[in-house]
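The values are calculated or read from the model by the stated rules, or taken from the named source; none is laboratory data. For clarity, every value in this text was computed on a predicted model and none was experimentally measured. So basically every Cβ, Gly included, is an ideal-geometry build from the backbone, and we count neighbours across all protein chains shown. Keep in mind that these areas ignore ligands, DNA and RNA; they rest on the heavy atoms of the full protein, side chains included. Shrake-Rupley method; radii C 1.70, N 1.55, O 1.52, S 1.80 Å.
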Amino acid sequence: MSKLKFESLYKDLFEKTSDLIHFVTIKGNIEVVNTSWLTNLGYTLEEVQGRSIFDFIAPESQKYLKDSRDYMIAQNYVDHHVEFAFLKKDGTTIVVEGEIGGVIINNEYIYIRGVFKDITIRKILEKEREELYKRLTMFFYHAPDAVVVINEQQLIHEWNQKA
């Protein structure tokens, strides 16, 4: 495959993926982000290029992400899994998970790249499921009457103290 064709395919993949991708200098300044990154966070390239990545990280995630970057660099890891919240232009946040990794040239970190999936909806659903489970558990153990849970085979699966 020719170098020109490879670069064209790489650029197409970079711009068409739904993942949020960024390349940040070792000092933390944004070099380049893909279209999905801009679209999901509501910014233009001009608004982000050259700025600190931490300008776009939710306050509650900043220490975690800084510590994760420092740990990755100190341990000389190529990739490090992270989950944190980005701060969107409108002030809301999205939760992402993915990998931050070092781009190393001559045994020196030159860039930190990030590739992330938006997991905001999954996190909301997980929280709702946890809250529902807590409510059902409270009901089950504090119900004024007997509660018996029977499975599909008509076997008793669980019961409360009143039963």
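Out of (1) within 15 Å of Thr120 (Cα to Cα); (2) part of a helix (DSSP H, G or I); (3) aliphatic (A, V, I, L, M), what's the single condition that is false for Ile73?
All conditions pass for Ile73, except number (1).
Go through the stretch 78-105 and report how many residues are modelled with pLDDT under 85 and farther than 20 Å from Asp19 by Cβ.
2
How many residues does the stretch 57-100 contain that are open to solvent by 70 Å² or more (accessible area, probe 1.4 Å) and touching a residue at least 60 places away in the same chain (Cβ under 8 Å)?
Total meeting the criteria: 0.
Does Ile30 satisfy being touching a Ser or Thr at 6+ places or on another chain (Cβ under 9 Å), surrounded by 17 or more Cβ atoms within 10 Å (Cβ to Cβ) and at pLDDT below 95?
The answer is no for Ile30.
Condition first: of a type in the set (Gly, Ala, Ser) and surrounded by fewer than 11 Cβ atoms within 10 Å (Cβ to Cβ). Now tell me which residues in the stretch 46-56 satisfy that.
Gly50
Got a sec? Which of Ser18, Ser68 is more than 16 Å from Tyr109 (Cα to Cα) and at pLDDT below 95? Even if it seems obvious, please write down each step before you answer.
Working: Ser68 fails: more than 16 Å from Tyr109 (Cα to Cα).
Answer to the selection: Ser18.
Of all residues in the stretch 7-57, count the ones that are in contact with a strand residue (DSSP E or B) (Cβ under 7 Å, 6 or more places away or on another chain), under 20 Å from Glu97 (Cα atoms) and in a helix (DSSP H, G or I).
So the count comes out to 7.
Here are the criteria: (1) in contact with an Asp or Glu (Cβ under 8 Å, 6 or more places away or on another chain); (2) open to solvent by 30 Å² or more (accessible area, probe 1.4 Å); (3) modelled with pLDDT of 95 or more. Tell me which single one Ile119 does not satisfy.
(2) is the only condition that Ile119 fails.
Does Tyr111 qualify as being open to solvent by 70 Å² or more (accessible area, probe 1.4 Å), in contact with a Ser or Thr (Cβ under 8 Å, 6 or more places away or on another chain) and not in a helix (DSSP H, G or I)?
Values: open to solvent by 70 Å² or more (accessible area, probe 1.4 Å): yes; in contact with a Ser or Thr (Cβ under 8 Å, 6 or more places away or on another chain): yes; not in a helix (DSSP H, G or I): yes.
The answer is yes for Tyr111.
Count, please, the residues in the stretch 129-163 that happen to be open to solvent by less than 100 Å² (accessible area, probe 1.4 Å) and either closer than 30 Å to Val82 by Cβ or charged (D, E, K, R) (or both).
So the answer is 3.
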